[in-house]
Each structure stands twice: as C-alpha cells, then as structure tokens.
1. Say we join alpha carbon atoms closer than 10 Å with springs in a Gaussian network model of chain B; which of B:Leu125, B:Leu110, B:Leu81 then has the biggest fluctuation?
2. Just to be sure I understand the curve: with the Debye formula and one point per C-alpha of the range B:3-195, what is log10 I(q)/I(0) at q = 0.08, 0.11, 0.16, 0.18 Å⁻¹?
3. Relative contact order for the range B:79-165 using alpha-carbon pairs under 8 Å, separation at least 6, rounded to a whole percent?
4. Averaged over peptide A:303-315, how many Cβ atoms belonging to another chain are found within 10 Å of each residue's Cβ?
5. Select from A:Asn66, B:Leu91, B:Pro121 the residue farthest towards the positive end of the dipole of the protein assembly as shown; place +1 on Cβ of Lys and Arg, -1 on Cβ of Asp and Glu, and compute about the Cα centre.
6. Taking the Cβ of A:Ser330 as the center, what net charge do the other residues with Cβ under 14 Å away carry, scoring Lys and Arg +1 and Asp and Glu -1?
7. Ballpark to the nearest 100 Å², how much total accessible area do B and A bury together, probe 1.4 Å?
8. May I have the count of lysine pairs in the range B:3-195 with C-alpha atoms under 24 Å apart, counting pairs 8 or more residues apart or located on different chains?
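The values are calculated or read from the model by the stated rules, or taken from the named source; none is laboratory data. These numbers were taken from a predicted model, which means no experiment stands behind them. Here Cβ is always computed from backbone atoms with ideal geometry, including for glycine, and neighbour counts include all displayed protein chains. Please note that ligands, DNA and RNA were not included when accessible areas were found on the heavy atoms of the full protein model with its side chains. Shrake-Rupley method; radii C 1.70, N 1.55, O 1.52, S 1.80 Å.
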Amino acid sequence: MSRVTSPIILIPPKNPIVPSEITAESAYLNRRELMAGLMGSALMGSMTSAEAAPSQIVDENPSGPNWLKDKISSAKPAHPLTETLTPYKHVTQYNNFYEFGTAKTDPAQRAQTLKPDPWRVNISGAVDKPGNYFLDDLLKGIDLEERIYRLRCVEAWSMVIPWVGFSLSELLKKAQPNSAAKYVAFTTLLDKAQMPEQNSRLSTIHWPYQEGLRIDEAMHPLCILAVGLYGKVLPNQNGAPLRLVVPWKYGFKSIKSIVGITLQEKQPPTSWNQLAPQEYGFYANVNPQVDHPRWSQAKERRLPNSLLNPNIIATQMFNGYAEEVAGLYSNIDLKTHF
Amino acid sequence: MPKLLTKEWRRVWIFLLSLTPGIWLGWRLYTDNLGPEPAKTLVISTGIWAVNFLVLTLAVTPAKKIAHLSIVSPHRRMLGLFCWFYASLHLACYLLFILGADFQSIAQELTQRPFIVASIPAWLLLSLLAITSPQYMLRLCGKRWKYIHRSIYLIALLVVAHIAWQIRASYQNALVYGFLLISLLALRIWPLQIRK
C-alpha cells in the first residue's frame, strides 16, 4: 500500500456539508471535530473533552477503500426531512443481520469477519451487459447522493436513517435489461468464514439470503443501493459494502451485502417468504391495514424509545411514500398480495 | 474446608453472584446502555436469567444424587428464589414498560403474543413455591409441601413451551433450554438414580 493518508485533515475541504451533519448530533460533532483539527486540540481541548462522552459518531470511522470514502464524502446532500434522525450508535448497534446472529446486538459485535473490500457483484440474466464487476467499476460514472429515509421493520419498530447511495435504476440501466426482465433477484454473500451464522444448523433460514423486486419497483427512483450512512462508509453490520434500501417496504426486503443481481422473467423466491409464506409476502409493502398474523402493523415504535415512553406512532401507508409509489400497485389487492 | 468456603460464606457468595446479572442490568439502565429499546432488552434479559436459575435449581438434586456433588445442595432454595426474583422482574418489566400498564389491552396481547399464555401459570406456580419456601411453611404444609414443590416440573415444561412458541429465525434458544430442562426432568425418572 503506497497511499499516503493524512491524520490531520479529517474532511477534504472541498466537500459540502451533508444535511445529516447539520440536522442531528452527528453533524455538529463532525464540524467540531474539523474545527478541533484545524485549530489544534489544545485550544479546543476543554470544549471537546466536556462533550466527548456522547459523541459516538466522532470515534466511528468504518474502514473502507479510499476511493469509496472520497466518493461518499462528495455525495449530494439530501432534501431535509422534518423527522429526527435516529442516532448513529443505534443505527449501527441494533441490527437484524442473521448471518451474524439473531440478537440485535450480534451484528455489531460479530460482523468484523466480513471483508467488504475488494467486493464483486455478479450481474446476470436478462441483460445485454452481464458481468462480474468489482464494486469500484460498478460505481464508475455514478454520482452518490444522500437520502434520508424512514425504515420500518416488520417487527413494528422504525428508524430514520441518512443513507448515501444511488438509484438502483442507474445501475440497472448500465446493465441494459431486455424485454424478459420482469423481476430483479438479489443475493447476499454466501461464505461461512465471513458470515459465521451460515454454519449454524439451528438457523431456520436457507442461506444465502435472497430478495426480489418487480422490475418497475426496482426502477422506481426512491429505490436505492446504499454504500454509506451518516456520511461514512457503510459499517459491516449495516450490509457493507452494498445494500438495497426500499423505503416503502418492510426492512427485510432491503437485502444486505449484495453479491448477485439477476434479472429474470419469473418472480424470484425470497428468504422470509420461503420460511413463513403466511406471514411474509413477496411484496411486503408497509401497510397499517394488513396485520402480521401475530401482531398489529397499525402502529410502530420509533426508536430510540425509553422505558416509560415506548414512542408509539401511527404507521403510514407505504411508510409515508404513498404519493410516490401507490401507483405501482393500483392493479393488485394489497390484502392478498401482502 | 477453608473458612471462606464454609456453608455460611457460600451462602453469601452465591447470593452476591446471583444478584450480579440484576445489578449489571441496573447499571446499563442507569448509564443508558440498554440499546434503542431498553424495555425489550430488560424483558428479554430478565427472562433469560429466570430460566438460567430454573436450570440451576433443577440441577442441584441430580448433581447430588448422580455426581455426588452436594456442595450446592443447601443453597437450592436460594437458587429457586432467584428464579422467582428474575421471573417477577421479567413480568413487572413486561407489564410496566411493554404493556404500559394498559391492562385493558391484555386480551389483545394474548392473541398477538400467545406464548405469554404458557408463562402466566408458570409465574403463579413459582410464586406459590416462593411463598411456601420458608422453614415454617414447610412445617405448616406437612406432607403436602413435597407435592406442592413437585410443580417445579410442570413449571419447567411451561417454560419450554413459552420459549419454543417464540421460535422465529433460530432454534437455538428453544433447543438449548429445551434440552437442558427436559434432560434435568428425565434424570428424575432415570432408573440409575434410584439407588440411594
């Protein structure tokens, strides 16, 4: 490795300040970090140490290749959202990523075994330009942008997360889908060394994790592939280096650590649907009127909450993105196609 | 026997050790370190510790009869009481922080979380065992005491059902605790241990 890294300049001066950095804790802390770096820690010492305790984000700098860090730091800022962002520590320490264990805290503790660099993604099926691409080649010519999205888990909790990514449609257009491309199938990495739970005989999921979208859903501009969050490289536990984010569907549709994208004529099998078809449909659109057989979906717990305030809010149709996406489903009954 | 390992001192050590999971949870609560859903963390952790103490309590007799390990035998009651202590915390945290003390919605809760059904008789029976655990209650109950306390076997089965009912992405908890509890029950009917 011959790359020179400077420990002093923490943020390249040319990069714009991403809105998530001005809205929440993160931001304020990032800028303070920058100031401290410029002015010298001695001068800022009292200020930084006095507020050092809650500043999770300052200490966090997920590893990743420099080209990706540069690309993420020059991402186009998001449109501001009125809802409060979920703090970085919760976004990165409360995850469902069963390849690393079923407890919410498992992925943050155990995902270090994942090696997101170098990373290859195989694009295949009904496309004119199939191929096995390195991530940097895949992202060439694609500009990143920040998207602040609500994330609604099927377990009835939700967060608000500033992702950094790009519309999936941009990638698909590069691969040039042909007329047989009716669905897009996604596959997570299958590697028992990198993803220890894939060894477990006690897991109910058949690995690798698989997800899928109808082509029109996949081409919708709100549907993104994310490579970062909070202006930083995606941490392993959040699905590094490349994950899907479909904000109007339950979180389990947003498949992590993608290695395969296949365009096809048939509707692809999806992991949770295979496991419990009566509980998890192919569509999995956020819908407060269609309950999970074992619990209501009318409300959600916006995290973080506290002991005495579970912070329960009403769940919105299509997670609040109905205006943009309801048209995709005008022909189907959402009660049967849940 | 070293002085610090006499029965009286063992009682102190086991008491403090048994209390540490609760203290640890209290500390994480105080320092805001229970994650974004502190109520859920509390309910799950206290539930797991209740089951751990149930396993320990049920292991005391087989340890004595089969492995001739009688060092914990005098402390069986304390282990059982800690099982009840964590089970009560588990229930209290559920009622206060998950149900939000909204007792009217309990019927709806039972349909949505049917695994709760198995846990209610388990906690009631555990409470009965806790109430009848002091020496004078033993004398008061006479012959019936033994029968009352045999309900721990039923409690174990109810707890296995409570856990197995929640299987979602992994059989791990259900299998580990199911295996432990069922084998501890099986050891009681196993012919080998009948020799006295």
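1. Highest fluctuation among the options: B:Leu110.
2. Each listed q maps to, in turn, -0.30, -0.56, -1.16, -1.40.
3. Numbers: 46 pairs, mean separation 31.1, N = 87.
About 36 percent, as a whole number.
4. Per residue, the average neighbour count from other chains is 4.
5. Final value for the positive-end residue is B:Pro121.
6. Numbers: positive: A:Arg214; negative: A:Asp216, A:Glu217, A:Glu323, A:Glu324, A:Asp333.
Result for the local shell: -4.
7. Using a 1.4 Å probe on protein heavy atoms, the buried area is about 2000 Å².
8. Values: B:Lys3/B:Lys64; B:Lys7/B:Lys64; B:Lys7/B:Lys65; B:Lys64/B:Lys143; B:Lys64/B:Lys146; B:Lys65/B:Lys143; B:Lys65/B:Lys146.
Lysine pairs, 8 or more places apart or on different chains, close enough: 7.
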